[in-house]
Every structure is written in structure tokens, then in C-alpha cells.
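A short reminder: the numbers here are calculations on the coordinates, not readings from a lab. Bear in mind the structure is a predicted one, so any value in this text is a computation, not a measurement. Neighbour counts run over all protein chains shown; Cβ positions are idealised from the backbone, glycine included.
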Amino acid sequence: MKELSLNILDIAQNSISAGASLIEISITEDDETMTISVKDNGCGMSKELRETVSDPFTTTRKTRKVGLGIPFFSLAAMQTGGNLTIESKTASEDPENHGTTIKALFYKNHIDFTPLGDIISTLCTLIQSCKDYDIVFIHEFADGSTVSADTREFKEALDGVPLDNPEVIIWIRDYLAEQYKK
């Protein structure tokens with residue numbers, strides 16, 4: 001993929017398909033590295049799936065026999081000298097703390113580092129369909145500044161106005177853009 005934000009979108013879509021009610025997306029940067037984490041409280045992956053999920057010929061989809069999201073994300077990290085880790089527990093393994101965490105480490109100064117891309121559009125796309133799940137996002141920069149958004153707070157402040165309302169999406173886009181300008 002041309003942008004890491006598209007990998008985030010793909011992995012978050014997997015979380016939605018896994019029945020997650022909460023998806024936590026974090027991006028942490030220092031001068032040399034960027035770590036992207038997508039954590040959910042979905043159904044989790046079986047041990048068998050965990051062992052093969054990085055294989056492009058492993059997928060839970062019925063419409064095609066390949067799943068390239070995680071393998072491409074892993075490749076993007078490894079090309080910079082980084083790595084990708086997956087932690088996952090099913091509800092039968094841990095009824096209280098089931099779900100999946102995918103974390104990728106990138107070295108930003110490497111020639112093969114893929115840019116983050118349009119993270120605001122990615123978040124707006126995910127938030128626009130936030131009826132059955134919530135998104136918590138935080139982007140921490142090396143200088144200590146942060147950008148954050150939490151759909152639970154948006155829903156509370158909007159008091160019943162749906163997040164897919166076009167005016168709300170424009171407001172969320174502007175809210176995030178203002179934070180990134182700082």
C-alpha cells in the first residue's frame with residue numbers, strides 16, 4: 001500500500017469484522033521510529049490463525065482466497081528494519097480480555113519507509129460508520145505533542161446526533177486538522 005494509513009484502515013476493518021466494540025489506534029513517534037498499534041476487543045484469533053495470519057494465502061474471507069493486509073503491513077515494517085507483532089486471545093482463552101493487538105515498528109529514516117499518508121481521511125472513514133463500535137485514536141509526537149479523538153466523547157457531546165451526519169464528519173475532520181496544525 002502507498003500509505004500506512006491505508007494499512008490502518010484495513011486492520012481496523014478486520015477488527016470490525018471480528019465484532020470489536022472498541023478499536024484503539026495509536027501512533028507513537030520519536031526522532032527515529034514510528035510505532036503503529038491497532039488494538040481491539042473483538043473475538044480474537046485462534047492459535048492456528050495466529051500462526052498463519054502473516055501468510056498471504058491465509059484469510060477468513062469467503063470471497064477470495066488471499067488476505068494481503070497484514071502481510072503488506074508486516075513487509076512495510078520489515079523493509080525499514082522494523083517488525084510486526086501480533087497478540088491475540090479468543091473469548092474462550094480469556095473471557096475478560098479477548099481481542100487482538102497488531103503493532104508495527106518502522107524506522108523513519110530508512111529509504112523504504114512508507115509515509116503515514118492521510119490519517120485524517122482514514123479516521124473519518126472509520127468514524128463515519130461508528131454505530132456498533134467506538135474508535136479511540138492517539139498520535140504522540142517526539143516533541144511531546146499529541147493528536148487525539150474518541151468517538152465515545154463525540155457521541156456524548158452530540159447527544160444523539162449520529163456520527164455519519166455530513167456536518168459532524170466535517171466537524172471531526174476540522175477538529176483533527178486543527179490538532180495536526182499545532
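Net charge in the neighbourhood of SER26 (other residues with Cβ under 11 Å of its Cβ; Lys, Arg +1, Asp, Glu -1) is -1. Between GLU156 and ASN97, the modelled label-to-label distance comes to 2.5 nm, taking each label 7 Å out from Cα in the direction of the beta carbon. The H on the amide N of ALA142, modeled in the peptide plane, is under 5 Å from the matching H of GLU29, each at least 5 residues off or on a different chain. Lysine pair count for the chain with Cα-Cα distance under 22 Å and sequence separation of 8 or more or different chains is 15. A convex hull fitted to the Cα coordinates of region 65-110 yields 74 cubic angstrom per residue.
From the coordinates of this entry, volume of the Cα convex hull per residue in Å³ is computed, and it appears in [x] 108; [y] 171; [z] 130 under the label [z]. Two decimals is fine: what is log10 I(q)/I(0) at q = 0.17, 0.18, 0.22, 0.24 Å⁻¹ for region 86-182, from a Debye sum with one equal scatterer on every Cα and no solvent? The Cα Debye sum returns log10 ratios of -0.95, -1.01, -1.18, -1.25. Rounded to the nearest 500, the helix-only mean residue ellipticity at 222 nm of the chain stands at -10500 deg cm²/dmol, with each DSSP H run of n ≥ 4 adding -39,500 (n - 2.57).
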